[in-house]
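The values are calculated or read from the model by the stated rules, or taken from the named source; none is laboratory data. Because the structure is predicted, anything quoted here is derived from the model rather than measured. Every residue, glycine among them, receives a Cβ derived from its backbone with ideal geometry; neighbour counts consider all protein chains shown. SASA here: full protein model, heavy atoms, side chains in, ligands and nucleic acids out. Shrake-Rupley method; radii C 1.70, N 1.55, O 1.52, S 1.80 Å.
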Amino acid sequence: DWSSDVCSSDLFAVLDAVVAIMRASPDITMLDVQGHTDDRGSAERNTALSGERAASVVLYLTQHGIEATRLSSHGFGPSRPLVQGTSRRARSANRRVEFHINGQ
């Protein structure tokens with residue numbers, strides 16, 4: 001959601017799948033959770049918000065049994081858009097969290 005770092009319940013199935021993958025894959029030693037925003041708002045606020053989004057996901061994962069030592073988080077604000085433009089669709093696509101395996 002716009003201007004929110006809350007993990008909404010419609011994302012729980014995806015997050016639970018990440019938990020299951022992490023539990024089944026002890027060889028994944030580092031998962032980087034990366035938060036992103038759309039282009040609305042100040043760069044400073046968006047960078048903070050994207051970091052808060054990533055941290056919320058890390059909190060969910062740790063609350064569901066994934067060791068914090070296997071997780072990192074970063075916020076990139078609007079600097080890495082998936083879709084160019086200012087349409088509702090583009091902005092919605094750019095508000096996201098991505099998972100990157102950095103250790104295996």
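Brief remarks follow.
- The candidate values are (i) 14.0; (ii) 17.7; (iii) 14.5; the one derived from this structure for Kirkwood radius over Cα pairs in Å carries the label (i).
- DSSP-assigned coil residues among GluC sites (Glu not before Pro) in segment 28-104, each with at most 13 further Cβ atoms within 10 Å: 67
- Applying the Karplus relation 6.51 cos²θ - 1.76 cosθ + 1.60 with θ = phi - 60° to segment 48-58 yields 3J(HN,Hα) values of 5, 4, 5, x, 5, 4, 5, 5, 5, 5, 4 Hz, where x marks Gly and Pro.
- Of all DSSP bridge pairs formed entirely within the chain, close to 60 percent run antiparallel.
- Leading residue at positive end of dipole, segment 49-104 (Cβ point charges), from 84, 57, 99: 84
- Accessible carbon and sulfur surface of the chain relative to its total accessible area, %, 1.4 Å: 55
- Mean-position separation - Cα centroids, segment 75-104 and segment 1-52, in angstrom: 10
- Among 80, 89, 23, the residue with the largest mean-square fluctuation in a Gaussian network model of the chain, with springs joining Cα atoms closer than 10 Å, is 89.
- In a reduced charge model with +1 at each Lys and Arg Cβ and -1 at each Asp and Glu Cβ, the chain shows a dipole moment near 320 debye about its Cα centre.
- Whole-Hz couplings from phi, Karplus 6.51/-1.76/1.60, listed for segment 75-83; x for Gly and Pro: x, 10, x, x, 6, 10, x, 7, 10
- Computed from label points 7 Å out along Cα-Cβ, the spacing between residue 87 and residue 10 is 1.9 nm.
- The chymotrypsin sites (Phe, Trp or Tyr not before Pro) found in segment 1-69 that occupy coil by DSSP, while having at most 15 further C-beta atoms within 10 Å, are 2.
- Long-range HN-HN contacts of residue 73 with modeled amide H, under 5 Å: 33
- The 3J(HN,Hα) values that the Karplus relation (6.51, -1.76, 1.60; θ = phi - 60°) gives for segment 26-31 are, in residue order, x, 6, 7, 8, 8, 10 Hz. Gly and Pro appear as x.
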